[in-house]
Every structure is written in C-alpha cells, then in structure tokens.
Amino acid sequence: MKYIKLFTPVTVLLCSVLLTSCQVNWFGQTFQIKWWVILITVLIFTAVIFVIGGKSIASHEYICPECNKKFRPNWWTSVFTIHLNDDLVLKCPHCGRKGFCRRCD
Ligand SMILES: [Zn+2]
C-alpha cells in the first residue's frame, strides 16, 4: 500500500518533467532551460501544494464512528489518505479503528 501511495506522485512528477520542453520562447528570444531547473521547480511547487493542502485538511476535526470521539489528523496523513467528499480514511487515535471518519466542523 505504501508503494501505491508513492507511485502516483512519482509518476506525475516524472511525466511532467519528461513531457516538458526545455526550450522557452520569451518575446521573440529563445532560451534553453536545463531539465534540472524544471525538475526542481516542479518538486518545490508540488511540495508547497501538498503542505498547503495537508494543513488545510488537517485543520478540521474528524469524528470516529466507533467511539464517537473527535480528533485531528496530522497533515502528512491527511494528504496521502483516501478522500470521499469530506470523509477521510483515518486511524482513530483513541480506539485504533481504521476507516472512513466524517468531518464534524
Ligand atoms: Zn475511535
């Protein structure tokens, strides 16, 4: 399961780098951009989006349907878990149940 979670972002990053042209035309002038500049830019942009999205999702409280206790997931877990609308697959820190937890705020 951990490999599947890493497969998608790595594939997206590799495809976006490999399909990107390294020649840039800017107001009639042509520039050659090194592939590693594009890779670093894509990596930084992706990391920023993941951190912002994860912190946004983790700012909400979720309720466990088993023990009805509220908890906040950490941002790293909330980014890579399965989403269905506002529900996330999370592991409850109180009872240990892993499953869909509803957002309660
Ligand atoms: Zn629970």
For segment 2-103, what is the accessible area per residue in Å², given a 1.4 Å probe and the full set of protein chains?
76 Å²
With all protein chains present, segment 15-91 has a carbon and sulfur share of its accessible area (1.4 Å probe) in percent of 65 percent
What are the equivalent ellipsoid semi-axes of segment 2-103, built from the alpha-carbon gyration tensor (square roots of five times its eigenvalues), in whole angstrom, biggest first?
40, 13, 9
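The values are calculated or read from the model by the stated rules, or taken from the named source; none is laboratory data. A quick note: this is a predicted structure, and the numbers were derived from the prediction, not measured. Ligands, DNA and RNA are stripped out before the accessible areas are found, and what is left, the full protein with its side chains, is counted by its heavy atoms. Shrake-Rupley method; radii C 1.70, N 1.55, O 1.52, S 1.80 Å.
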